[in-house]
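Working notes, beginning with the structure itself.
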Amino acid sequence: RFKPDVVTVWNTGGLWKSMLFKLSERTMPKIYCLSDYSLLQELRKDQWVAFWTRRASGASRETVKWLARQCFRLAGIHVPDPNTRLPLNQAFFTSQALRNEYAQASIQPATSRVIYWGIQVERFAAIEGSQYDPGRLLFAGNVRREKGVHTAIEALHLLDQRGHGHFTLDIVGGSMALDYLRQIRRRVEDLRLSDRVKFLGPVPHDSMPDIYRGYGILLFPSIWKEPFALTILEAMASGLAVVSTARGGSAEILRDGQNALVFTAEDHQDLADNVQLLWNDRELYDRVRLAGRQLVQSQYTLVQMVDRIEDFIEQTIRRSLSEG
C-alpha cells in the first residue's frame, strides 16, 4: 500500500530469511546494506524456524520444523528451497574485503559500492593536553575466541617476564561464549595476572567515549576476518594508539608504523614486541596516535557515511525511474 520509491535492508543477520525472499518478489528497487557475513552463513536458514527447532529435540525437531513451515505458508510467507540464492541487485558493502568474500560465494550485485562506516568524531574527541599512558592497555569488544583475547593475555604475561610489570589490561565487553570466558579467566589466575587484568564486563555504548580516554593503547587481536571494525575508529578518534591484526576490513584502515602497529594474529610475542616498542619510543607512540586521529577525522565520519549512502539511494531511484 505504501509503494516506496526504494527499500533499504539493514542488518540482514537480524531478519528472517523468508522475509527477504518475500521482499525479493516485489518490483520496487531494493538496496541491501551488507556489513557482515550473515547472507553467506545463514542464507538457507530462517530465524523463526531455528528458534522453535532449538527448543525441540529428537523426533520432535522435524515435526516442529514442518509445523513452522505450514504456518509460513498459511500466512503467505515464502519458504525458499534450500538451494535458492537470494537475488541482490543493489547493495553496498562496508569494506572491500567483505565485498570480495561475497564475490567468492558468487554473490555479486549488479550495482554495488563500498561505503565505510563512520563515527561521530565529536563524541570520541581526544582531550587536548591529556597525558595518555601507554602502560594502560584496553580490549573492547565481545569476548569470544575469534576476537583473540587470549593473545592479549599471553602478550601481557610475556611483557611481565621481560620485566615490564607496569602494564595493565582491562577487558571491556560481554560474552555469550561462557566456556571461553571461563577459560581465559583461569589462564589469568594461572599466570598470576589477576592484579593487572580486569574483566569489566559490558558497558553502555554511550559510556565508551569516557572509557577510551582512560587508556593509552587499544589492543585489537582479532583472529577472524573483520567485516569492518568501528572499535578501531573510535579508539583512534579518542587519541589511543592502536595495536591490531589486519584481518578482513581492518587491513583497509591500518598502515603499520604510520597510524597503527600491526601484528600477526595469535602471535603473542609479536603483539608484546609492538606494545613494548610504543612504550620505549614515545615519539613513535605520539606520531601513531596523531595519525590515527587525523585519519578518522578526514575519512571516517558519520556525516561522510550518511552522504555516501544517500547518494547511492538517490542514484538507485533515478535509475529505477529511467528504466521504468
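The values are calculated or read from the model by the stated rules, or taken from the named source; none is laboratory data. Computed from a predicted structure; not experimentally measured. Every residue, glycine as well, gets a Cβ built from its backbone with ideal geometry; the counts of neighbours run over all protein chains shown. The area values use the complete protein model at the heavy-atom level, side chains included, leaving out ligands, DNA and RNA. Shrake-Rupley method; radii C 1.70, N 1.55, O 1.52, S 1.80 Å.
Okay, here's what the table says:
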item	result
Residue in segment 297-310 that is farther than 23 Å from L137 by Cα, hydroxyl-bearing (S, T, Y), in contact with a strand residue (DSSP E or B) (Cβ under 8 Å, 6 or more places away or on another chain) and open to solvent by less than 30 Å² (accessible area, probe 1.4 Å) present	yes
Inter-residue pairs, beta-carbon under 8 Å, first β-branched (V, I, T) and modelled with pLDDT of 95 or more and in segment 272-296, second open to solvent by less than 20 Å² (accessible area, probe 1.4 Å) and in a helix (DSSP H, G or I), 6+ apart	V275/A155; V275/L159; V288/L278; V296/L233; V296/M236; V296/A237
Total residues in segment 150-184, condition more than 19 Å from G135 (Cα to Cα) and either of a type in the set (D, E, K, R) or touching a helix residue (DSSP H, G or I) at 6+ places or on another chain (Cβ under 6 Å) (or both)	5
Matching option when the condition is open to solvent by 10 Å² or more (accessible area, probe 1.4 Å) and in contact with a Phe, Trp or Tyr (Cβ under 8 Å, 6 or more places away or on another chain), among G248, G216	G248
Those residues of segment 130-143 which are open to solvent by 20 Å² or more (accessible area, probe 1.4 Å), within 21 Å of S194 (Cα to Cα), modelled with pLDDT under 95 and touching a helix residue (DSSP H, G or I) at 6+ places or on another chain (Cβ under 9 Å), in sequence order	none
Where Y180 falls short, out of the listed (1) in contact with a Gly (Cβ under 6 Å, 6 or more places away or on another chain); (2) in a helix (DSSP H, G or I)	(1)
Residue in segment 199-214 that is in contact with a Lys or Arg (Cβ under 6 Å, 6 or more places away or on another chain), modelled with pLDDT under 95 and part of a loop (DSSP other than H, G, I, E, B) present	no
Only one of I77, I107, I127, I115 that is surrounded by fewer than 13 Cβ atoms within 10 Å (Cβ to Cβ) and either modelled with pLDDT under 95 or of a type in the set (A, V, I, L, M, F, W, C) (or both)	I127
Among (1) closer than 17 Å to S238 by Cβ; (2) touching a His at 6+ places or on another chain (Cβ under 8 Å); (3) hydroxyl-bearing (S, T, Y), the one test that Y215 misses	(2)
Cβ pairs under 8 Å, 6+ apart, first in segment 249-263 and of a type in the set (A, V, I, L, M), second assigned to a strand (DSSP E or B) and open to solvent by 10 Å² or more (accessible area, probe 1.4 Å)	L254/V262; V262/D256
Among (1) without any contact (Cβ under 8 Å) to a residue 12 or more places away in the chain; (2) assigned to a helix (DSSP H, G or I), the one test that A235 misses	(1)
